[in-house]
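First comes the structure, then the notes that go with it.
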Amino acid sequence: MSVDINDRITLAHGDGGLKSRELVSDLFLKYFTGEPLRALTDSAILAQAEATIAFTTDAFVISPLFFPGGDIGKLSVTGTVNDLAVMGATPRYISASFILEEGFPVSDLKRIVASMAKTAGEAGVEVVTGDTKVVRKGEADGIFIVTSGLGFFRKGRTPLMPSLIRPGDLVLINGYVGDHGVAVLSSREGITLTTPVSSDCMPLSDLIESVLETCPSGSVRCMRDPTRGGLATVVNELAEASNLEIVLDEQSIPIREEVRAACDIFGLDPLYLANEGKVVAVVDSKWAEAAVGAMRSIPGGEEARIIGEVRECTGCGGPGSERCGRTDERSEKGRTDLNRNETALAPARPGKGRALLRLAIGGTRILRTLSGSELPRIC
Amino acid sequence: MSRETVFDRYKDPSAARYLLDRVKELAEDLKNGGDPIKVMEVCGTHTVQLSKTGIRSALEGAVRFVSGPGCPVCVTDQRTIDDMISLARLPGVIVCTFGDMMKVPGTYTSLYEERARGADVRIIYSPMDALQIAREVPQRPVVFLGVGFETTAPAVALALKSALQHKIRNFYLFPAHKLVPPAMRALLEDSDVEVSAYILPGHVSTILGKRAFDFVSSDYGYPSAIAGFEPVDILLALFSILNVMRAGAAPKPGVINCYPRAVTDDGNVRAKALMSECFKPVDALWRGLGLIPESGLGLKGEYSRFDAREYFDFPRFSGDHCDGRTGAPPLSAGCMCGYILKGKITPVECPLFSTACTPETPVGPCMVSGEGACAAYYYDR
Ligand code: SF4
């Protein structure tokens, strides 16, 4: 007996009995081929020289499960891989847990698992442990996936942190924003766009590695992947965490014409739409061009460019003013300290800081964070 | 590429910057050391664009923009919202709405909170989606909350026609659509409203046509222009009305159509026919403005059967679509939406603005809706 591709998931696939074992051996192990997983032990045993570890976890629920440019499986790998990579770590291992709804087509599961395996291969990570549970019909929406990931810091590399950001630094992005948001929304709503938009969903490990290899240690201050909440949200987080002002240049931010058009229809702002293959990097201005070049040399980074700059925050009357929320003193000594690991790991203090948008017609406006998810109207 | 370039012209920053300077000059010249020129942008999308593009702040001191009653969510009377919430609480009912209604506070709660408590409220993008849901679950009543202007009404009419044709008996409309021209008339009649000129809504004009707004100039003598939504569109409209003002006593040219690539004299005839097939004008309550005669859309003839207000028995706040009450409705404590919709104050002048009232904790609908004046000013600060 083996798992039938035309079959549907039943509660028996999750009860730990014969059917569960079949699902593991005939489906999961066919795609996930890493040695630590094949051992099928209760924990994966990972031999690794002592190093600083980055560890992250994320849960993936998305409708539709398959969308132009990706699917929940690809997303569950890239999401976790990218969370590790943006810290400056090299992603290495991931775990994958599946919550399946009774009746879920085995063929869909197979497609999803195959996509995960392919993406993991591209990202250079191994799926080393996992779990499957089946819940009764109606208790889940098809499939939920939870992945956790481990990454290691190469010799000489330290975690990238917003506290390392300095006035004068430049802000970079590796390409068009808003693609993923529009791709998912339009396929969820069954709206056909004249020019279809594909999700940008991709692992960023190679692209980030290229930047970190090109730029000297310390010159790349911080990176974030602008997923939920989009570019505007990430830039706000960075400004707040560093107590600095980040000014993006409206005209430099790459947005596809078709994404703009779709946003006009949905009443959305591309700066707040999710991306799954983008990284925002804050880099020492001396190395910004080099970092852009490094991104452009890797697929997915062709449209990389500088989109903004960092400066002292003046929103509250300037540093030192009564209303300024900044509490850390940035002495020259502090600067050298920050390049050392332990200081860098100290949590960034919440303060003021703000994000601005330099407008095409001149002047600036505040780039706010949105409250809750965007609730569009079509009118 | 070819199709986009036409629209790119209206986004062109150098053209926008040039026009901006001309508008500034003209306005400074006109006000001649006095107060900024007061211009009302009737449409909520314009309110948002003025913030987003930076036009409002760039013209500060020269032109003062006041937001009109042009955000469909903001003009919905609080009692109507209470009724919708009360309907959503009925067991078995599926309520479908555009997303921006979700967080609008009623007197006690919002659709968002009701959904968390178990009400089946679904966000949709088109009235057709609601009809589709009704098809999929024939055993449950599906109610679409009809909040909007002439821009959404034709799509709702289309859904109603299709429901009638395919005998979909579990589909209902909560009729709360409003008409812009009657509200404009009410504003123009209102001596409280002190505005020198009007920027008229582009989307509504696309449906109704330029002629529907001619009365603003011909009957009331106000310089007014229909505007599109790109920076150049808005600035062109401003430039035109300021020019009319400068010409002073010279004969007024009527409403200027600065959005001819979308707006014709007679508008979208098919959409208008669809609307008049399903709807009839009824008196309606506007938040902050009170009762305005023949300013809402009620269901007509054989379409009356889709009227959720008739079909469902739920605790009412507002009585019928209009029960003749004209007094100021009991707004959420302290909310000054009414004054904002009349252009009497700007959102920053509301004492609750950005203190008690923020997009996270909205007191009035103007802070919730993407097109709301208070939300636009909040993101503008
Ligand atoms: S700021 Fe809030 S309370 Fe004040 S008018 Fe606007 S919505 Fe109402």
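The values are calculated or read from the model by the stated rules, or taken from the named source; none is laboratory data. A quick note: this is a predicted structure, and the numbers were derived from the prediction, not measured. Cβ coordinates were reconstructed from backbone atoms using ideal geometry, including for glycine residues, and neighbour counts include every protein chain displayed. The accessibility values were calculated without ligands, DNA or RNA, using every heavy atom of the protein model including side chains. Shrake-Rupley method; radii C 1.70, N 1.55, O 1.52, S 1.80 Å.
Under 28 Å Cα to Cα from B:Lys167, which lysines show up? Leave out anything in the same chain fewer than 8 places away.
Partners within reach: B:Lys178, B:Lys272, B:Lys280, B:Lys300.
Under 23 Å from the Cα of B:Lys252, which lysines turn up, not counting those fewer than eight places away in the same chain?
Output for B:Lys252: B:Lys24, B:Lys31, B:Lys38, B:Lys210.
Tell me, what is the percent relative contact order of the range A:43-152, built from C-alpha pairs under 8 Å that lie six or more residues apart? Please list the in-between numbers first.
Values: 197 pairs, mean separation 49.2, N = 110.
The normalised contact order for the range A:43-152 reaches 45 percent.
The range B:75-107 to the range B:225-303: how many Å between their Cα centroids?
The two parts, judged by their Cα centres, are 27 Å apart.
Under 18 Å between alpha carbons, and skipping anything fewer than 8 positions from B:Lys344 in its own chain: which aspartates and glutamates qualify?
The qualifying aspartates and glutamates are B:Asp35, B:Glu41, B:Glu60, B:Glu189, B:Asp190, B:Asp192, B:Glu194.
Mind grabbing the accessible area of A:Leu40 for me, 1.4 Å probe, Å², rounded to tens?
100
Among A:Leu244, A:Leu367, A:Leu160, whose mean-square fluctuation peaks in a Gaussian network model of chain A (Cα, cutoff 10 Å)?
Answer for the Gaussian network model of chain A: A:Leu367.
Around B:Ile256, which amide H atoms from residues at least 5 apart in sequence, or from another chain, sit under 5 Å from its own amide H, with H modelled in the peptide plane?
Correct list: B:Ser224, B:Ala225, B:Ile226.
Counting only Cα, what are the radius of gyration and maximum Cα-Cα distance Dmax of the range B:1-97, in Å?
Cα only, the range B:1-97: 20.3, 63 Å (Rg, Dmax).
Helix by helix, which DSSP H runs in chain A go 27 Å or more along their axis at the Cα atoms and have an average Kyte-Doolittle hydropathy of 1.6 or more?
Values: long enough: none.
Passing helices, by number: none.
For B:Arg115, tell me the accessible area in Å² from a 1.4 Å probe, rounded to the nearest 10.
Ignoring ligands and nucleic acids, B:Arg115 comes out at about 100 Å².
Between B:Ala225, B:Ala212, B:Ala15, find the one with the highest GNM mean-square fluctuation for chain B; connect C-alpha pairs within less than 10 Å.
Result: B:Ala15 has the largest fluctuation of those listed.
In Å², what does the accessible area per residue of chain A work out to with a 1.4 Å probe? Kindly include the intermediate steps, with their values, before the conclusion.
Working: 16400 Å² over 379 residues.
Here the residues of chain A average 43 Å² of exposed surface.
³J(HN,Hα) across the range B:165-177 via Karplus (A = 6.51, B = -1.76, C = 1.60, θ = phi - 60°), whole Hz, x for Gly/Pro?
4, 8, 6, 8, 8, 9, 9, 9, 10, 8, x, 9, 5
With a 1.4 Å probe and all protein chains in place, put B:Thr80, A:Thr41 in order of accessible area, largest first. Show your work: numbers first, answer last.
Values: B:Thr80 15, A:Thr41 80 Å².
Sorted by accessible area, descending: A:Thr41, B:Thr80.
Largest first, what is the accessible-area ranking of A:Met161, B:Met102 with a 1.4 Å probe?
Values: A:Met161 30, B:Met102 0 Å².
In descending accessible area the options line up as A:Met161, B:Met102.
Compare A:Glu102, A:Glu35, A:Glu126 in a GNM of chain A, Cα atoms joined below 10 Å, and give the one with the largest fluctuation.
Among A:Glu102, A:Glu35, A:Glu126, the largest mean-square fluctuation in the Gaussian network model of chain A belongs to A:Glu35.
In Å and from the alpha-carbon atoms only, list the Rg and Dmax of the protein assembly as shown.
Using the Cα atoms of the protein assembly as shown, the pair Rg, Dmax is 28.3, 92 Å.
Could you compute how fast chain B diffuses translationally, taking Rh as the Kirkwood radius over C-alpha pairs and applying Stokes-Einstein at 37 °C with viscosity 0.692 mPa s? Give it in µm² per second.
Details: Rh = 21.4 Å.
D, rounded to a whole number, is 153 µm²/s.
Which value in nm describes the separation of the simple spin-label points at A:Arg154 and B:Glu349, placed 7 Å from the Cα toward the beta carbon?
6.1
Once the dipole of the protein assembly as shown is set up with Lys and Arg at +1 and Asp and Glu at -1 on Cβ about the Cα centre, which of A:Ser95, A:Gln48, B:Phe215 lies farthest towards its positive end?
My answer, from the dipole projection, is B:Phe215.
Which three extents, in whole angstrom, do the alpha-carbon atoms of chain A cover along their principal axes, largest first?
Principal extents (Cα only, largest first): 72, 58, 39 Å.
In whole Hz, what ³J(HN,Hα) sequence does the range A:142-158 give by Karplus (6.51, -1.76, 1.60; θ = phi - 60°), x for Gly and Pro?
x, 8, 10, 10, 10, 10, 10, x, 10, x, 10, 8, 5, 4, x, 9, 10
Share of antiparallel DSSP beta bridges in the range A:43-152, in percent to the nearest 5? It would help to have the intermediate numbers written out before the result.
On the way: 20 of 29 bridges.
Antiparallel bridges make up about 70 percent of those DSSP assigns within the range A:43-152.
Relative to the longest principal axis of the C-alpha atoms of chain B, give the angle of the C-alpha long axis of helix B:231-247, reported between 0 and 90° and rounded to the nearest 10°.
60
Per 0.36 nm of contour for each residue apart, how much would the distance between A:Asp141 and A:Thr192 grow if the chain were fully extended, relative to their Cα-Cα spacing?
Details: separation 51, 0.36 × 51 = 18.36 nm, distance 2.40 nm.
That works out to 16.0 nm of additional length.
Could you count how many Lys pairs in chain A have their Cα atoms under 21 Å apart, skipping same-chain pairs fewer than 8 positions apart?
So the count of such lysine pairs works out to 17.
Enumerate the amide H contacts of A:Val134 below 5 Å, restricted to partners 5 or more residues apart or on another chain; note that Pro and chain-start residues carry no placed amide H.
Counting only residues 5 or more places away or on other chains, the set is A:Gly14, A:Leu100.
Given Cα positions, please report Rg to Rh for the range A:178-320, the hydrodynamic radius being the Kirkwood one. Can you show the working numbers first?
Numbers: Rg = 16.2 Å, Rh = 16.2 Å.
Taking Rh as the inverse mean 1/r over Cα pairs, Rg/Rh reads 1.00.
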